[in-house]
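Notes to accompany the following structure.
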Amino acid sequence: RRSEALTKASVSSSNPYNNIPVGDFGKDTSFADIMYASLDENKPGRIRDYHTMAAYSEVADALDEICDEAINIDDVGHATKLLFDNIDLTVDERSEIEDEFNKYIDFFELKQRGWQYFRQLLVEGEVFFEQVLHEDYTKEGVLGLINIPAEIVDPVYNNIQNMIVKGYIYKKPIFSPTQPDKVEKTEMIPMEQNQLVYVNSGVYNDTKDYVIPFLENARRPYRQLSLIEDAIVIYRLVRAPERLVFNVDVGNMAPPKAEAYLRKLIQNYWSKKTFDSDQSNVANKFNPQSMLDAFWFAKRQGSEGTSVTQLPGGANLGELADLMYFIKKLYRALKVPTTRIDPEDRTVDPASILREELKFAKFVIRQQQKFAAAIKKGFTTHLKLRGLWEEYNLVETNLDIVFNVPSNYFEMRQSQKLELK
């Protein structure tokens, strides 16, 4: 309860009358909804929208790059480490706590499912795990963890200004006994704050009503890229064929006669002769492609006579510079180095590659730290249930949980620093 106690003692956050923060942001509803679509107030609808974005090929590739870097297995097969700080423990005591940590961290199955959890955090913005206990075996601590879908759990805030979570509301769906696929009603189950391990993106919407995922950064580039791709395909289909221009000499015919003469020529051009087996003679059959590929213009007396010229197809059909611009913009929005789009590109300066990769590694480490903080809180609950927290007089600052850092560029830079020193 330390965070709540600090809030009550704080001048800026404490309020004896209510806990609604002042100075909230107002919504701007007049902005372009086609690019900045107003977020769905309904949580399942909002998450469904993000899943649609995440299924887009370029977005999926960028998310895969992040998740692949987030889970790194070391030589002994672990993705995380438990660190001790400023505490005097014997070797046996440390070993006991480390054994409990290894048992607890195995519940997450990070080696098999860690990639999935990080992707869930990036796409949905929240990840919930229920810490399974048994009332007859509370001294055994946490017995297991179950990943709960984010759309059916909502955090309850004690003080929304400091984002202190007081508990959770689990909206348990009750299915119909006669129709197993139909939800008959939803049962609201309150859950204590230590009952769940809760990870969130740390980013909220403009009025701080709900958490939004990191993927929201890519909404505008994602829409622009999908629109430009559709536009390029349509342009190529329309501009691909070469067209004919018929300039027909009509001499000094009267306009009605000239128009009739031109129509007769068009009809002849638009039709092709085929053999009709039913009537056993030659018949004219309409050819729609001829209509699409030609333009007809009448020319007056004194012109050079009937001529046929050719209009070329689209001249810039092979240019994709604008498309690549939006793909790079999407990757930058998701903090993924643009050099990963085409690793074979030799025009990129190696120094800039290292700089981009280091920025990316630091971003991945920030995501790991959010997950590690939530795991630490859950592990603290486990130690308290086991009785080890009080037995060894532990405090929160004595333990720290870290994920293995992204290996390919971050460690290379660390070794370079050591060599320079």
Within region 123-133, restricting attention to residues that are touching a helix residue (DSSP H, G or I) at 6+ places or on another chain (Cβ under 7 Å) and not in a strand (DSSP E or B), which residue is surrounded by the most Cβ atoms within 10 Å (Cβ to Cβ)?
E124
On the given criteria, is Q224 surrounded by 15 or more Cβ atoms within 10 Å (Cβ to Cβ), among the polar types (S, T, N, Q) and over 27 Å from A55 (Cα atoms)?
no
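A quick yes/no check of all residues on (1) on the phi > 0 side of the Ramachandran plot; (2) free of Cβ contacts under 8 Å to residues at least 24 places away in the same chain; (3) of a type outside the set (A, V, I, L, M):
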{"site": "Y56", "(1), (2), (3)": "no, no, yes"}
{"site": "L63", "(1), (2), (3)": "no, no, no"}
{"site": "I66", "(1), (2), (3)": "no, no, no"}
{"site": "A79", "(1), (2), (3)": "no, no, no"}
{"site": "D92", "(1), (2), (3)": "no, yes, yes"}
{"site": "E96", "(1), (2), (3)": "no, no, yes"}
Just the residues that are surrounded by fewer than 14 Cβ atoms within 10 Å (Cβ to Cβ) and within 32 Å of the chain's Cα centre (by Cα), please, taken from region 374-411.
S407, N408
Is there a residue in region 135-156 that is buried (at least 17 other Cβ atoms within 10 Å of the Cβ), farther than 25 Å from L215 by Cβ, at pLDDT below 85 and touching an Asp or Glu at 6+ places or on another chain (Cβ under 8 Å)?
no
Test result for D75, among the acidic types (D, E) and touching a Ser or Thr at 6+ places or on another chain (Cβ under 8 Å):
no
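Take L83 and tell me if it is surrounded by fewer than 16 Cβ atoms within 10 Å (Cβ to Cβ), in contact (Cβ under 8 Å) with a residue 60 or more places away in the chain and assigned to a strand (DSSP E or B).
Against the criterion (surrounded by fewer than 16 Cβ atoms within 10 Å (Cβ to Cβ), in contact (Cβ under 8 Å) with a residue 60 or more places away in the chain and assigned to a strand (DSSP E or B)), L83 qualifies.
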Does region 86-101 hold any residues that are modelled with pLDDT of 90 or more and of a type in the set (D, E, K, R), and which are they?
D92, E93, R94, E96, E98, D99, E100
For region 166-176, does any single residue satisfy the condition of being in a loop (DSSP other than H, G, I, E, B) and either open to solvent by 40 Å² or more (accessible area, probe 1.4 Å) or not hydrophobic (A, V, I, L, M, F, W, C) (or both)?
yes
Which residues, counting only those in region 98-117, are over 29 Å from A333 (Cβ atoms), in a helix (DSSP H, G or I), free of Cβ contacts under 8 Å to residues at least 60 places away in the same chain and not polar (S, T, N, Q)?
E98, D99, K103, D106, K111
R94 being more than 15 Å from I375 (Cβ to Cβ) and in a helix (DSSP H, G or I):
yes
Would you check which residues across region 177-190 are open to solvent by less than 100 Å² (accessible area, probe 1.4 Å) and of a type in the set (S, T, N, Q) and list them?
Q179, T186
Anything in region 238-277 that is modelled with pLDDT of 70 or more and either part of a strand (DSSP E or B) or loosely packed, with under 10 Cβ neighbours inside 10 Å (or both)? List them, or say none.
R243, L244, V245, F246, N247, V248, D249, N252, A254, P255, P256
With criteria (1) modelled with pLDDT of 85 or more; (2) open to solvent by less than 30 Å² (accessible area, probe 1.4 Å); (3) not in a strand (DSSP E or B), V199 comes up short on (3)
Among the numbered criteria (1) assigned to a helix (DSSP H, G or I); (2) modelled with pLDDT under 90, which one does Q120 miss?
(2)
Enumeration of residues in region 102-118 that are touching a helix residue (DSSP H, G or I) at 6+ places or on another chain (Cβ under 6 Å) and surrounded by fewer than 20 Cβ atoms within 10 Å (Cβ to Cβ)
W115
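The values are calculated or read from the model by the stated rules, or taken from the named source; none is laboratory data. All figures in this text were calculated on a predicted structure; none of them were measured in a lab. Quick reminder, even Gly has a Cβ in these numbers, built from the backbone with ideal geometry, and neighbours come from all protein chains shown. All accessible areas refer to the heavy atoms of the entire protein, side chains included, with ligands and DNA or RNA removed. Shrake-Rupley method; radii C 1.70, N 1.55, O 1.52, S 1.80 Å.
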